[in-house]
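Just below is one structure, and these are the notes that go with it.
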Amino acid sequence: MKSKIYAMVVLFVLAAIGTRAGSLRLADEKRWRPSAQDKDSIIVTFGDKTRLIIYGENRQELEKIMRYDLNALLKDLKIRLDSTAGDTTLLREEFNGNKYLKNPGDQEEKDYVRIGLRGIHIKDGDTRVSIDNSGVKVKDGDEVVASDSTYRRVGKHFRRTSWGGSSPRKGFNIALGLNTYGTNEATAGFNKDDYDLKPFGSRYVSLGYVASANVVRGKNARLHLDFGVDFSWYNMMYDGNNTIAKTDDGVEFREVVNDQGQPVEVRKSKLVVPYVNLAIMPTLSFSRSFISYISAGVYGGYRIGSYTKVRKVGTKDVDHDRRNFYIEDLRYGLAAEIGIRNFPDFFVNYDLNNLYEANRGPSVRMLSFGVRLF
């Protein structure tokens, strides 16, 4: 069974009644008997040769048997016994216990991993792990088997309140936010309205890892030098029915048309540009402040592709156009972060280079900002 409950119901019935008339007996009974270490077990005997054995990992697991209709289970077993050939020498049956619940609403919740602003919550079988502002708690059924209230959120990580020596930024990072034009200078041949972006449709996503080295250790503050690598995506959602197109001389922002050349309304039109990036961020962390850390530094990235995504109103079909669109292969800029206790960290990135090659596209620089979940 996939569940960690490991509750098993094994019935040994009609052993050694007679070899000529046929018998139903257990082969190698010891293989099915609970071992000495399985202390949380119930054995019900019926005469000398029939027994019902119920065992689980702990007392709480055994108490759950009360939620099941054992009469219905035994009736189903009798039907299977009646249909079994008379010369059967080994009977082994496995049942899905959920179908015998007295109240179907009592069916156990599926395993999950939930990550959000309220912390991290994991369910694996009957074990539950919660990491939030109140600390770390591990429950086995209804019993709390481990609890550490000395853990508190520091930046985006859960650390001991004794304030360890690592940077709060160290570890895996997931950043979600928005991207827009940090600068948008007037450029000959381009109308700003043609490539304007939707504020909440243009999203920024980053997945990465940060390593850290301690530089200065103080009583209430410490200085770290953080080194990061990440993959990020610019999702630039155009505000209107336009899309970007590549020509021999540069890019153009054209209205989306159908096969007959007639303008059509679009549900989604965006340009996606992924990068792999490296960053160096000196970080100052605090042990007793409302602000857990402040970090600022530089980053550089390399473009690993670019494509458009257009979906017209009234259809589920999505058109893609994979080209470089004269987008600069390299990006570089300034980054800053601030960590606030018991709250996601804020970040902002500003590219110092133009998005497009000179004289090939509008003179724009990208700005991204948002929160780091980890």
Checklist entry - Does region 242-258 include one or more residues that are open to solvent by 30 Å² or more (accessible area, probe 1.4 Å) and hydroxyl-bearing (Ser, Thr, Tyr)? => result yes
Checklist outcome for this item: Taking region 174-198 and keeping residues surrounded by 15 or more Cβ atoms within 10 Å (Cβ to Cβ), in a helix (DSSP H, G or I) and of a type in the set (D, E, K, R) leaves 194
Item to check | strands (runs of 3 or more DSSP E) contained in region 263-374 and holding at least 3 residues open to solvent by less than 50 Å² (accessible area, probe 1.4 Å), over 21 Å from residue 242 (Cβ atoms) and in contact (Cβ under 8 Å) with a residue 24 or more places away in the chain | outcome: 266-286, 291-303, 330-340, 345-351, 363-372
Item to check | Those residues of region 220-244 which are part of a strand (DSSP E or B) and either free of Cβ contacts under 8 Å to residues at least 24 places away in the same chain or of a type in the set (S, T, N, Q) (or both), in sequence order | outcome: 232, 235, 242, 243
Item to check | Residue list for region 258-279, filter: in contact with a strand residue (DSSP E or B) (Cβ under 8 Å, 6 or more places away or on another chain) and of a type in the set (D, E, K, R) | outcome: 265, 267, 268, 270
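The values are calculated or read from the model by the stated rules, or taken from the named source; none is laboratory data. A quick note: this is a predicted structure, and the numbers were derived from the prediction, not measured. A quick note on method: Cβ atoms are made from the backbone with ideal geometry, for glycine too, and the neighbour counts reach across all protein chains shown. Keep in mind that these areas ignore ligands, DNA and RNA; they rest on the heavy atoms of the full protein, side chains included. Shrake-Rupley method; radii C 1.70, N 1.55, O 1.52, S 1.80 Å.
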